[in-house]
Amino acid sequence: MGKVKVSDLKKRCAERVGKVIDGRWRLERFVGLQRTFAVYAAKDSAGRLGALRVMHAELAKNQNLRSEFIREDYIASMLSHEALVQILDSGAD
């Protein structure tokens, strides 16, 4: 990702609030940063609330990292436990 300041990255993430992702998920609130993605509270077109992971654009250009990100979603979607969140949707832009 190069030498991107965390404060600059947080600002970019906060600026995305209000945008609609994949024609369906509206970013309601910026929650935080992880190493490879940002987390948002989001609402889908049916009104369901959820958390949305969005990979940092600079890293999404790397096919290996992008594949790993998608694989994590797939694996997480197969898990079911009261202490885990349910995966409602997954996709790539």
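The values are calculated or read from the model by the stated rules, or taken from the named source; none is laboratory data. Just so you know, these numbers come straight off a predicted model, no measurement behind them. Note that each Cβ is placed from the backbone with ideal geometry, even for glycine, and that neighbours are counted across all protein chains shown. Ligands, DNA and RNA are stripped out before the accessible areas are found, and what is left, the full protein with its side chains, is counted by its heavy atoms. Shrake-Rupley method; radii C 1.70, N 1.55, O 1.52, S 1.80 Å.
With the requirement that a residue be within 20 Å of F69 (Cα to Cα), out of contact with any Asp or Glu (no Cβ under 6 Å at 6 or more places or on another chain) and open to solvent by less than 100 Å² (accessible area, probe 1.4 Å), what does the stretch 21-35 give you?
Those that are within 20 Å of F69 (Cα to Cα), out of contact with any Asp or Glu (no Cβ under 6 Å at 6 or more places or on another chain) and open to solvent by less than 100 Å² (accessible area, probe 1.4 Å): I21, L27, F30, V31, G32, L33.
Hey, could you check the stretch 60-84 for residues that are hydrophobic (A, V, I, L, M, F, W, C) and in contact with a strand residue (DSSP E or B) (Cβ under 8 Å, 6 or more places away or on another chain) and say which is least open to solvent (accessible area, probe 1.4 Å)?
Filtering the stretch 60-84 for residues hydrophobic (A, V, I, L, M, F, W, C) gives 60, 65, 69-70, 75-76, 78-79, 83-84.
This time we only want the ones that are in contact with a strand residue (DSSP E or B) (Cβ under 8 Å, 6 or more places away or on another chain), so: 65, 69.
Numbers: L65: 58, F69: 23 Å².
Only one residue tops the list, namely F69.
Only one of D8, D22, D73 is out of contact with any helix residue (DSSP H, G or I) (no Cβ under 9 Å at 6 or more places or on another chain), touching a residue at least 60 places away in the same chain (Cβ under 8 Å) and among the charged types (D, E, K, R); which?
On the way: D8 fails: touching a residue at least 60 places away in the same chain (Cβ under 8 Å); D73 fails: touching a residue at least 60 places away in the same chain (Cβ under 8 Å).
Testing whether each residue is out of contact with any helix residue (DSSP H, G or I) (no Cβ under 9 Å at 6 or more places or on another chain), touching a residue at least 60 places away in the same chain (Cβ under 8 Å) and among the charged types (D, E, K, R) leaves just D22.
Could you please find all residues in the stretch 70-88 being not in a loop (DSSP other than H, G, I, E, B) and not hydroxyl-bearing (S, T, Y)?
I70, R71, E72, D73, I75, A76
Could you say which residue among A38, A46, A14 is farther than 18 Å from D73 by Cβ and surrounded by 13 or more Cβ atoms within 10 Å (Cβ to Cβ)?
Sole residue among the options that is farther than 18 Å from D73 by Cβ and surrounded by 13 or more Cβ atoms within 10 Å (Cβ to Cβ): A14.
Search the stretch 49-59 for residues being assigned to a helix (DSSP H, G or I) and in contact (Cβ under 8 Å) with a residue 12 or more places away in the chain, and hand back the single one that is least open to solvent (accessible area, probe 1.4 Å).
L59
Among what's in the stretch 62-77 and is aliphatic (A, V, I, L, M) and at pLDDT below 90, pick the residue that is farthest from R35 (Cα to Cα). Show your work before the answer.
If we filter the stretch 62-77 for residues that are aliphatic (A, V, I, L, M), which is where we start, we get 65, 70, 75-76.
Narrowing further to those that are at pLDDT below 90: 70, 76.
Values: I70: 15, A76: 18 Å.
Checked the stretch 62-77; the qualifying residue farthest from R35 (Cα to Cα) is A76.
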